[in-house]
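Asks: Please see the structure below; I have some questions.
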Amino acid sequence: MQDVSYWIRPVVRFSQYCLSPTIDDLSSAGPQLYTPMSPFDTDLPIQAAQSASFDSHLDQSKELSTDFSSVDLSFLPDDLNQENGEQTHSEDGHEVQREQYRSQLTEQDSGFLNDSNLSQLSYGDATQPSPETSGACPPLTPMTPITPMTPVSESSGIVPQLQNIVSTVNLACKLDLKNIALHARNAEYNPKRFAAVIMRIREPRTTALIFSSGKMVCTGAKSEEQSRLAARKYARVVQKLGFPAKFLDFKIQNMVGSCDVRFPIRLEGLVLTHQQFSSYEPELFPGLIYRMVKPRIVLLIFVSGKVVLTGAKERSEIYEAFENIYPILKGFKKAS
Amino acid sequence: MSGQRKCPDCGSSEIVEDAHYAQNQLVCADCGFILTEGLLTTTFQDEEHLQEVTYSRSTGQNEQLSRCKLRGIKRVQDLCKVLYLPAVFEDTALSYFQRAIEHPSFHLVSLEKKEILVGCCVFVTCRQHNWPLTMGTICSLLYADKELFASVYLCVLKELELDVPALSLTDLVKTHLNSFKLFQSSASVPAKFAEDKEKMVARTIQIVELASETWLVTGRHPIPIVTAAAYLAWQSLQPVGRLTCTFARFCKMAGTDLPPPAHLRLKELNDILLRMASQLAWLRVLNVDKKTVVKHIGDLLQHRHFLLRSSFSSGDTEDQSATAVGDGSVSSPQAAGCSAQAEGCHPGGKQKCSSVRRPLLPPCLINPRKRLRTAALSPSDQAITGDEAISDSEIEQYLRSQEEMQEFSKAQAWH
């Protein structure tokens with residue numbers, strides 16, 4: 001796709017020189033590189049997707065404008081191909097993921113676009129590409145394309161996958177655990193070992209701990225909605241057993257995600273440079289425990305490049321934490 | 001003496017020995033006449049024989065502390081003495097312990113945990129001063145459970161907000177080898193097995209550095225690696241008599257135990273050395289295999305930087321240019337052999353290892369264990385809103401019927 005290639009070339013050139021002179025490079029390249037306007041408009045979902053990471057960097061946006069030292073553009077061609085293909089969302093996983101991003105970040109998204117922060121990026125006449133103006137493309141200065149590109153260049157292109165969600169709910173009635181264990185097929189109760197009934201359902205595949213006070217913990221779901229549905233099913237089972245169970249204060253307590261950066265990591269180097277956050281004791285555990293301060297997430301980083309993120313109450317915290325750690329890990333990629 | 005004296009003043013024989021302000025006096029019990037007094041000052045000669053009284057014994061400090069704290073303090077001091085730690089370490093460890101024992105999360109724990117807390121404070125102090133002490137040593141000294149030690153240790157780090165630097169492998173090698181009994185011949189160590197300590201330590205450090213460069217150290221317990229490296233170093237210093245000595249026998253001779261992972265580390269180290277050996281021209285003709293590579297460890301270590309670059313491809317791209325480097329010590333056919341992947345094997349030598357350059361990666365990436373990878377959420381799963389209707393039939397499948405319940409309670413009747 002010829003359009004896309006024009007788009008990619010100046011981006012690739014950015015990645016080679018990580019200094020402000022690249023902006024001059026672009027300006028000298030002339031406006032003909034930017035005649036295909038569709039990339040900018042259809043680029044917006046990417047922008048929305050990346051504004052999660054962008055938000056966390058908004059205070060350092062001045063740095064962002066000139067610092068491309070951690071550019072990773074491996075995902076760019078795929079996104080642009082899809083975006084050029086259609087304006088509407090297609091039914092594949094990548095799109096749906098971005099849909100989720102977008103649904104969670106719409107308020108941030110609009111905030112970002114209308115914010116005066118844009119002016120901080122020191123692109124004087126930055127136009128604001130928006131989905132509404134798909135037809136009318138304002139005349140661009142060579143500076144403008146940088147605006148949609150900076151969030152793109154900061155992202156890693158890897159999305160952590162949620163593995164486990166732990167939630168609690170209050171059924172608001174006292175329960176007779178022996179009764180429940182007798183009447184339910186999927187329950188186990190061993191009061192000498194643990195003071196709760198352990199109940200399991202097949203769809204969504206989850207486990208619940210039900211206590212005699214009426215409080216319940218639901219674990220094993222892979223998404224927030226699944227966890228809520230599973231908790232409701234457990235409450236229904238308890239209801240059918242004859243207890244006046246309600247469904248109060250459903251709250252997600254913990255979310256665990258994992259992903260793979262696909263290169264080995266020198267944990268000894270990482271613990272030296274980030275000593276105040278990391279704890280690496282090979283005698284105890286083969287991975288490095290990184291306690292990120294903002295957002296408050298604990299990451300387990302392994303030598304194979306796999307990263308486990310835990311301690312989040314919101315999905316966005318996991319994504320944000322990964323976007324924060326990815327440039328740090330890349331710094332240890334080629335060290336030998 | 002008091003029985004024989006008589007008071008000069010009143011003549012009574014009731015003389016008692018009394019300590020007035022810690023000064024011994026002989027006093028008449030009837031009239032209070034002081035017969036003799038102790039000396040208020042001591043002469044220089046006397047002072048030579050005086051013993052230093054520690055602060056903790058001269059003041060009433062011990063009475064102010066609870067018994068648990070006193071015991072803990074004594075244990076810390078004992079542990080420091082056993083490990084021959086400098087006095088500074090003892091003070092630091094004591095201060096950590098006193099801070100920790102005040103903390104609510106340690107104040108009311110079991111005696112076992114308090115004992116482990118003592119070990120943790122000493123361990124943290126040593127690590128902060130870069131004194132190479134391993135958790136295994138502390139656990140064996142305290143007869144502590146390793147998992148419990150690990151959890152208490154992490155708790156201590158979090159509560160006291162301490163930073164602990166990473167364990168330095170070089171220091172660990174030196175300390176660990178200090179405990180080996182190979183450095184002079186004795187009843188259990190024949191003369192040809194005894195080895196000079198400096199040479200062995202130096203070579204072991206080199207091998208451990210080689211292991212660390214080739215991703216064998218990251219994420220692994222350090223002691224098995226040090227043990228395996230020591231074995232290889234010891235063998236290579238005098239291969240003639242020592243090649244027949246097995247790893248287990250070596251450890252028994254040296255007086256250390258052989259940790260189970262050490263065999264795997266030895267295998268991995270041998271693999272690395274074999275690959276490096278395949279890049280040295282004069283070794284290719286010699287048909288080196290994993291038993292004989294030990295003889296050439298000296299050469300391999302000498303040229304290790306070049307050999308590592310040429311034996312392993314870096315990450316994504318084949319590093320062809322690296323083969324051109326270091327042509328001084330090797331002949332050009334070998335450089336050509338490096339770049340020709342297809343005919344990696346020298347026609348003459350039968351290499352046991354494949355000469356195809358593999359990327360320099362940790363072993364977990366080279367031999368990935370087949371794991372069930374959970375698939376990402378399917379589209380139908382993603383469409384769940386959490387508020388769907390739940391059918392009765394679905395819930396009923398989880399409830400027991402009457403007959404089932406009767407049978408179940410019959411089965412449980414003996415409970």
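The values are calculated or read from the model by the stated rules, or taken from the named source; none is laboratory data. Predicted model only: the values in this text are computed from it and were never measured. Counting neighbours? That spans all protein chains shown, and the Cβs are built from the backbone with ideal geometry, glycine included.
Asks: For the structure I just gave you, tell me whether residue A:187 is over 27 Å from residue B:382 (Cβ atoms) and either out of contact with any Pro (no Cβ under 7 Å at 6 or more places or on another chain) or modelled with pLDDT of 95 or more (or both).
Replies: The answer is yes for residue A:187.
Asks: Looking for something over 25 Å from residue B:179 (Cα atoms), at pLDDT 90 or above and part of a helix (DSSP H, G or I) - is there at least one such residue anywhere in the range B:126-137?
Replies: No, because not a single residue in the range B:126-137 is over 25 Å from residue B:179 (Cα atoms), at pLDDT 90 or above and part of a helix (DSSP H, G or I).
Asks: Examine the range A:260-270 for a residue that is within 9 Å of another protein chain (Cβ to nearest Cβ), under 22 Å from the mean Cα position of the chain (by Cα) and without any contact (Cβ under 8 Å) to a residue 40 or more places away in the chain, and state whether such a residue exists.
Replies: no
Asks: Checking residue A:298 against (1) of a type in the set (A, V, I, L, M); (2) buried (at least 18 other Cβ atoms within 10 Å of the Cβ); (3) touching a Ser or Thr at 6+ places or on another chain (Cβ under 7 Å), which single condition isn't satisfied?
Replies: Against the list (1) of a type in the set (A, V, I, L, M); (2) buried (at least 18 other Cβ atoms within 10 Å of the Cβ); (3) touching a Ser or Thr at 6+ places or on another chain (Cβ under 7 Å), residue A:298 comes up short only on (2).
Asks: Return yes or no: is residue B:81 at pLDDT below 90, of a type outside the set (Phe, Trp, Tyr) and part of a helix (DSSP H, G or I)?
Replies: Considered against the rule, which asks whether it is at pLDDT below 90, of a type outside the set (Phe, Trp, Tyr) and part of a helix (DSSP H, G or I), residue B:81 comes out as no.
Asks: State whether the residues of the range B:167-175 include one that is within 12 Å of chain A (Cβ to nearest Cβ) and not in a helix (DSSP H, G or I).
Replies: yes
Asks: Taking the range A:229-251, which residues are farther than 16 Å from residue A:175 by Cα and of a type in the set (Lys, Arg)?
Replies: Across the range A:229-251, the qualifying residues are A:232, A:233, A:251.
Asks: Go through the range A:165-182 and give me each residue that's within 11 Å of chain B (Cβ to nearest Cβ) and farther than 30 Å from residue A:318 by Cα.
Replies: Once the filter is applied, which keeps residues that are within 11 Å of chain B (Cβ to nearest Cβ) and farther than 30 Å from residue A:318 by Cα, the range A:165-182 yields A:178, A:179, A:180, A:181, A:182.
Asks: Then there's this: Would you check which residues across the range A:219-255 are more than 12 Å from chain B (Cβ to nearest Cβ), hydrophobic (A, V, I, L, M, F, W, C) and within 30 Å of residue A:306 (Cα to Cα) and list them?
Replies: Scanning the range A:219-255 gives a single hit, A:255.
Asks: Somewhere in the range B:144-151, is a residue among the polar types (S, T, N, Q) and either part of a loop (DSSP other than H, G, I, E, B) or in the same structural domain as residue B:194 (by TED's automatic domain parsing) (or both)?
Replies: No, the range B:144-151 has no match at all.
Asks: Since residue B:185 meets every condition but one in (1) modelled with pLDDT under 90; (2) among the hydroxyl-bearing types (Ser, Thr, Tyr); (3) outside any loop (DSSP other than H, G, I, E, B), which condition does it not meet?
Replies: (3)
Asks: For the range A:271-308, which residues satisfy the criterion of being under 29 Å from residue B:145 (Cβ atoms), more than 8 Å from chain B (Cβ to nearest Cβ) and hydroxyl-bearing (Ser, Thr, Tyr)?
Replies: Result: A:278, A:290.
Asks: Looking at (1) surrounded by 23 or more Cβ atoms within 10 Å (Cβ to Cβ); (2) touching a helix residue (DSSP H, G or I) at 6+ places or on another chain (Cβ under 6 Å), which one does residue A:236 not meet, given that it meets all the others?
Replies: Every condition holds for residue A:236 apart from (1).
Asks: Ok, one more. Can you pull out every residue in the range B:358-395 that is at the interface with another protein chain (Cβ under 7 Å from one of its Cβ atoms), at pLDDT 80 or above and surrounded by 10 or more Cβ atoms within 10 Å (Cβ to Cβ)?
Replies: Answer for the range B:358-395, where residues must be at the interface with another protein chain (Cβ under 7 Å from one of its Cβ atoms), at pLDDT 80 or above and surrounded by 10 or more Cβ atoms within 10 Å (Cβ to Cβ): B:361, B:362, B:364, B:365, B:388, B:390, B:395.
Asks: If you don't mind, another one. Restricting to the range A:183-194, what's the tally of residues that are within 12 Å of chain B (Cβ to nearest Cβ) and assigned to a loop (DSSP other than H, G, I, E, B)?
Replies: Result for the range A:183-194: 5.
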